[in-house]
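Q: Take a look at the following structure, please.
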Amino acid sequence: MKAKTAVLTAVEQAEVIDRELPELGDHDVLVKVDANNICTSEYGAFNGARKRPLPLTFGHEWAGTVMGVGAQVESVKVGDYVASGYQYDPYSEPSREGRTSECTKLQSADHPNPDGYFGNAGCANYAVAKEVACYKIDEGIDPSVAALLEPLGTCCAGFRRFGVSYGDTVVVIGAGTMGILNALVAKAHGCRVLITEMMPKKLEAARRLGLEAIDVSACDPVEKVKELTGGKGADGVIIAVGASGAYAQALEMAKEKRAHLLIFAAGYPAPTWSLDPNTIHYRRMVIVGSYGADAQDFREAAAMINMGVADFSELVEERLPLSQIQHAFERACEPGMFRISVQCQEA
């Protein structure tokens with residue numbers, strides 16, 4: 001069976017090809033993909049900021065309908081609506097211990113396929129995925145919203161390791177897609193959430209979602225956080241932008257003792273951070289790095305989407321057909337954009 005599949009063939013060059021799908025294995029699922037959202041890492045590969053092997057059949061933020069299952073698939077059936085998490089080996093030691101994102105056979109953008117292409121190939125009208133990567137989504141949910149499962153899951157994973165408690169005040173630096181998703185996860189866990197940003201569009205989106213947004217172009221965000229917390233500072237700070245200034249700012253926003261910092265975002269080129277270890281020592285700080293998500297985090301993300309804990313459609317900037325994949329990437333690379341969602345069943 002051939003599928004119309006998007007591929008990055010060179011920096012700033014994307015196209016759609018007819019690609020032969022692999023035969024279904026015992027634990028494989030055939031999905032009719034409705035929507036695939038373009039991830040930050042993917043438009044970074046498109047514009048050359050991130051180095052990826054080419055040609056790249058990208059796509060790991062997708063949602064669609066199960067059209068066929070392998071002989072031993074048990075968790076989903078034909079007709080189920082699903083969104084994608086990660087494809088991993090459930091029998092590896094990390095997976096058996098619940099650390100599925102650390103599986104040595106985790107399929108990634110660098111994954112080589114037998115036909116010479118790399119990647120997960122989810123940006124297509126049909127895709128073959130492992131059963132373990134498929135999480136059920138309720139019928140009637142916007143496919144572009146359902147496709148937010150993967151980035152939302154990574155935020156659930158970060159919060160699980162973060163260490164803050166119900167009722168704590170959390171500041172999120174940056175109100176892009178990942179910043180707002182981090183803020184919504186923290187809010188869903190009972191935290192008071194402040195989010196800092198300078199772009200009016202992002203500030204407005206955050207406020208429509210019920211978040212306390214601080215306009216950094218109108219005030220000193222550190223002083224504003226101190227003001228809003230009665231001089232105490234934040235119990236925790238999530239750094240959701242890969243910028244050197246954000247790290248320094250996080251230290252100033254955090255309360256003096258036992259603050260938690262979550263390093264969520266990567267930056268390209270890598271940001272620098274001048275940090276005196278004595279500061280961490282005397283202030284008794286907890287600094288956590290987070291990347292990816294485990295199966296339990298994707299289950300939590302699916303529950304959040306199915307329960308409608310927020311209007312996640314705020315984070316879908318624009319929907320474009322698969323045939324316009326070059327234009328979709330060009331739009332995704334424009335500053336300040338939320339997710340560009342590729343509609344895979346539209347010509």
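Q: Residue 292: net charge of surrounding residues, Cβ under 13 Å, Lys/Arg +1, Asp/Glu -1, itself excluded? Don't skip to the answer; put the middle values down first.
A: Numbers: positive: 99, 160, 161; negative: 102, 150, 294, 297.
Its environment carries a net charge of -1.
Q: Mind checking the range 115-188 for chymotrypsin sites (Phe, Trp or Tyr not before Pro) that DSSP puts in a loop (not H, G, I, E or B) and that have at most 10 other Cβ atoms within 10 Å?
A: The qualifying sites are 166.
Q: Also, quick follow-up: Of all trypsin sites (Lys or Arg not before Pro) in the range 258-347, which ones are in loop regions per DSSP and have a Cβ with at most 15 other Cβ atoms within 10 Å? Display every interim value, and only then the final one.
A: Working: sites: 258, 283, 284, 299, 319, 331, 339; in loops: 258, 284.
The qualifying sites are 258, 284.
Q: Let's test this: bin the Cα-Cα distances of the chain at 20 Å from zero up to the farthest pair and state each bin's percent.
A: Calculated P(r), rounded to whole percents: 31, 57, 12, 0.
Q: Considering only the chain, what is the antiparallel percent among its DSSP beta bridges, to the nearest 5?
A: 55 percent
Q: Using a 1.4 Å probe on the protein heavy atoms, what percent of the accessible area of the chain belongs to carbon and sulfur?
A: So the carbon and sulfur contribution to the accessible surface is 50 percent.
Q: Okay, next question. Could you work out the relative contact order of the range 87-152? I mean the mean sequence separation of Cα pairs under 8 Å and 6+ apart, divided by the number of residues, in percent.
A: Values: 53 pairs, mean separation 15.6, N = 66.
It rounds to 24 percent for the range 87-152.
Q: Taking K and R as +1 and D and E as -1, what net charge do the other residues with C-beta under 15 Å from the C-beta of residue 245 add up to?
A: Values: positive: none; negative: 197, 220, 252.
The answer is -3.
Q: Can you give me the accessible area per residue for the chain, using a 1.4 Å probe, in Å²?
A: I get 43 Å² per residue for the chain.
Q: Further question on the same structure: Name the aspartates and glutamates eligible as straight-distance cross-link partners of residue 232: C-alpha to C-alpha under 13 Å, and not fewer than 8 places from it in the same chain.
A: 168, 223, 252, 256
Q: Pairs of alpha-carbon atoms within less than 8 angstrom and 6+ residues apart define the contacts here; what relative contact order does the chain have, in percent?
A: 19 percent
Q: Which of the GluC sites (Glu not before Pro) found in the range 289-321 are loop residues per DSSP with 11 or fewer other Cβ atoms within 10 Å of their Cβ?
A: none
Q: Taking the alpha-carbon centroid of each part, what is the distance from the range 60-88 to the range 1-45 in angstrom?
A: After rounding, the separation between the Cα centres reads 15 Å.
Q: Report the local net charge at residue 103: Lys and Arg +1, Asp and Glu -1, summed over other residues whose C-beta lies under 9 Å from its C-beta.
A: Spelling it out: positives minus negatives among the neighbours equals -1.
Q: Too long at a 27 Å Cα-Cα cut-off: which of 202/224; 4/77; 187/257?
A: Numbers: 202/224 18 Å; 4/77 23 Å; 187/257 23 Å.
Listed pairs above 27 Å: none.
Q: Viscosity 1.567 mPa s, temperature 4 °C: Stokes-Einstein D of the range 1-62 from its Kirkwood Cα radius, in µm² per second?
A: In µm²/s, the coefficient is 101.
Q: Gain in length, residue 331 to residue 279, computed as 0.36 nm per residue apart minus the alpha-carbon separation, to one decimal in nm?
A: Between residue 331 and residue 279, full extension yields 14.6 nm more.
Q: If each DSSP helix of 4+ residues adds -39,500 (n - 2.57) and the sum is divided by the residues in the chain, what number results at 222 nm, nearest 500 deg cm²/dmol?
A: -8000 deg cm²/dmol
Q: What is the distance in Å between the Cα centres of the range 196-236 and the range 250-318?
A: 16 Å
Q: Per the Debye formula with a single identical scatterer at each Cα and no solvent contribution, what log10 I(q)/I(0) holds for the range 203-318 at q = 0.21 Å⁻¹?
A: -1.33
Q: What shape does the range 128-182 have by the C-alpha gyration tensor, where a ≥ b ≥ c are the square roots of the eigenvalues, rounded means a/c under 1.5, and otherwise prolate means a/b greater than b/c and oblate the rest? Intermediate results must be reported in sequence, preceding the final value.
A: Working: a/c = 2.40, a/b = 1.84, b/c = 1.31.
The shape class here is prolate.
Q: Hey, with R₀ at 22 Å, roughly what FRET efficiency would residue 345 and residue 77 work out to, going by the Cβ-Cβ distance, to 0.05?
A: Calculated transfer efficiency: 0.60.
Q: Would the range 269-345 count as rounded, prolate or oblate if I go by the C-alpha gyration tensor, calling it rounded below 1.5 in a/c and otherwise prolate when a/b exceeds b/c, oblate otherwise?
A: The shape class here is oblate.
Q: Whose amide H sits under 5 Å from the amide H of residue 254, counting only residues 5 or more places off or on another chain, with H placed in the peptide plane?
A: Amide H to amide H, under 5 Å and 5 or more residues apart or across chains, residue 254 pairs with 234.
Q: Quick check: the angle from helix 149-162's long axis to the longest principal axis of the chain, C-alpha only, nearest 10 degrees?
A: For 149-162 against the chain, the angle is about 40 degrees.
The values are calculated or read from the model by the stated rules, or taken from the named source; none is laboratory data. Keep in mind it's a predicted model, so treat the numbers as computed, not measured. Note that we place each Cβ from the backbone using ideal geometry, even for glycine, and neighbour counts take in every protein chain shown. Accessible surface areas use protein heavy atoms only, side chains included; no ligands, DNA or RNA. Shrake-Rupley method; radii C 1.70, N 1.55, O 1.52, S 1.80 Å.
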